[in-house]
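Participant: The structure is given below, and queries will be raised subsequently.
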Amino acid sequence: MKAADAGQPVIETRGLTKHFGRVRALDGLDLSVGRGEVHGFLGPNGAGKSTTIRVLLGLARATAGEARVFGRDPWREASALHRRIATIPGDVALWPNLSGGETIDLLVRLRGGDATSAAYRSRRAELIDAFQFDPTKRARSYSKGNRQKVALIAAFAHPAELYVFDEPTSGLDPLMESVFTRQVGRIAADGGTVLLSSHILSEVEKLCTRISIVRAGRVVESGTLTELRHLTRTSFSFERAGAGGAMLTDAQLAGIPGVHDLALAEGRVSFTVDSDAVAGVLPALGALGVQGLQVAPPSLEELFLRHYGDVVPPAEAA
């Protein structure tokens, strides 16, 4: 970390706009990523995530608005900033005649790393082993998953201040996804900052300290998962047979405060409660002597669908 950067967001955009002809890929996007965050950047294809990342990396010029990385303009100062950033695109293209190992070393050198140092060689070997990767083959022979491993190993082998990941586990099997998760955990423990764009909501839910949901080129929700959960409802379910086996009556169930969507099925009662009202529900359930109580906070998928539940999947739109 540089002293001049202390106290300011690592990434900050204000009113960021990007047009491609008549298409508004970004339409006033505001995003802030603080130092040490693992920040989830969510939205389906076409929401504006990849365009935002391209602007932040200096690969595309904003039409209007402002983007800053470490307080600097990524379009004008891309070369200097890239020495502080490790990035993984969703679709990795490699030099076909280089081996995987040669490509990893080249990518590290492009970021200013010393590919001959003992620390780098040791870290590189650990990652090659963890990702079960053969670095001797020519890149032209690699599958999508192996091309992704090249980018991942290069990103993790040399320390960076900011990691920008755009669908980083695309093409990886579940075992390799778990290796990626461990590496991001290591980055977070070391105080690194991560911007993670992913379609895998469980991955984001597991890794991220803050989340921004993007729709039509704008951030429509941002905060910690706990903060976002307070915007929706917590689910409760329990057996209708209470203590001693007596069935709870409709009047007893109706008396539980703050209940929404009350339903009875297969001998169980289920309902939802506004998340900020949960504390008032638990004493009431305790007084009823409910059995087999299950409480589930809203998942990230439910939070996501609050903003995208009206979107018809392409297969159903025809």
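Participant: Select from segment 221-282 those GluC sites (Glu not before Pro) which occupy a DSSP coil region and have at most 11 other Cβ atoms within 10 Å, ordered by residue number. Let's see the in-between values first.
Facilitator: Values: sites: Glu221, Glu227, Glu239, Glu266; in loops: Glu266.
Taking segment 221-282 and a limit of 11 other Cβ atoms within 10 Å, the loop GluC sites (Glu not before Pro) found are Glu266.
Participant: Shifting gears a bit: For the chain, find the longest principal axis of its Cα atoms and tell me its angle to the long axis of helix 278-288, 0 to 90°, nearest 10.
Facilitator: The angle comes out at about 40 degrees.
Participant: Would you mind counting up the charge near Leu248? Only other residues with Cβ under 14 Å from its Cβ, with Lys and Arg at +1 and Asp and Glu at -1.
Facilitator: With Lys, Arg at +1 and Asp, Glu at -1, the neighbours total 0.
Participant: Just need the relative contact order of the chain here, percent rounded to a whole number, with Cα pairs under 8 Å and 6+ apart.
Facilitator: On the way: 561 pairs, mean separation 60.1, N = 318.
Taking the mean separation of contacting Cα pairs over the length of the chain, I get 19 percent.
Participant: For the pair Ser270 and Arg76, how long in nm is the line joining their label points, each one 7 Å along Cα→Cβ?
Facilitator: 5.6
Participant: Now a separate question. Just order 249-259, 16-26 by mean Cβ neighbour count inside 10 Å, highest at the front, would you?
Facilitator: In descending order of packing, they fall as 16-26, 249-259.
Participant: Which FRET efficiency value, to the nearest 0.05, is calculated for Glu126 and Asp261 with the Förster distance at 51 angstrom and r the Cβ-Cβ distance?
Facilitator: 0.55
Participant: For mean projected area of the Cα convex hull in nm², the listed values are [x] 21.6; [y] 16.3; [z] 19.9; which was obtained by calculation from the structure presented?
Facilitator: [x]
Participant: Calculate the FRET efficiency for Asp114 and Asp30 from the Cβ-Cβ distance with a Förster distance of 25 Å, rounded to the nearest 0.05.
Facilitator: Plugging the Cβ-Cβ distance into 1/(1 + (r/R0)^6) gives 0.05.
Participant: So how do 65-74, 34-43 stack up, highest first, on mean other-Cβ count within 10 Å?
Facilitator: 34-43, 65-74
Participant: Stretch Glu227-Glu177 to full length: gain in nm at 0.36 nm per residue minus the Cα-Cα span?
Facilitator: Working it through step by step, the gained length comes to 15.3 nm.
Participant: Output ³J(HN,Hα) for segment 87-93: one whole-Hz value per residue in order, computed from phi by the Karplus curve 6.51 cos²θ - 1.76 cosθ + 1.60 with θ = phi - 60°, and x for Gly and Pro.
Facilitator: Values, residue by residue: 9, 10, x, x, 10, 8, 10 Hz.
Participant: Using the Karplus equation 6.51 cos²θ - 1.76 cosθ + 1.60 (θ = phi - 60°), what ³J(HN,Hα) coupling, rounded to whole Hz, does each residue of segment 252-264 give in order, writing x for Gly and Pro?
Facilitator: 3J(HN,Hα) across segment 252-264, in whole Hz: 5, 5, 5, x, 6, x, x, 7, 10, 6, 5, 9, 10.
Participant: When the Karplus curve 6.51 cos²θ - 1.76 cosθ + 1.60 is applied with θ = phi - 60°, which whole-Hz ³J(HN,Hα) does each residue of segment 63-79 get, with x for Gly and Pro?
Facilitator: 6, 7, x, 9, 10, 9, 10, 6, x, 10, 7, x, 6, 8, 10, 4, 4
Participant: Set Lys and Arg Cβ to +1 and Asp and Glu Cβ to -1, take the dipole of the chain about its Cα centre, and tell me which of Thr17, Thr249, Gly286 lies farthest positive.
Facilitator: It is Thr17, whose Cα lies furthest towards the positive end.
Participant: Please give me the summed charge of the neighbours of Asp129: other residues whose Cβ is under 14 Å from its Cβ, Lys and Arg +1, Asp and Glu -1.
Facilitator: On the way: positive: Arg121, Arg123, Arg124, Lys149, Arg182; negative: Glu126, Asp134.
With Lys, Arg at +1 and Asp, Glu at -1, the net is +3.
Participant: Now for a different question. Note down the net charge around Gly280, summing +1 for each Lys or Arg and -1 for each Asp or Glu among other residues with Cβ under 14 Å from its Cβ.
Facilitator: Charge balance in the 14 Å sphere: -1.
Participant: Helix-derived [θ] at 222 nm for the chain: sum -39500 (n - 2.57) over DSSP H runs of at least 4, divide by residue count, nearest 500?
Facilitator: Computed ellipticity for the chain at 222 nm equals -9500 deg cm²/dmol.
Taken together, the values in this text are just the output of simple stated rules run on the coordinates, not laboratory data. Computed from a prediction, not measured in an experiment: that's the story for all the values here. Note: ideal-geometry Cβ built from the backbone for every residue, glycine included; neighbour counts use all protein chains shown.
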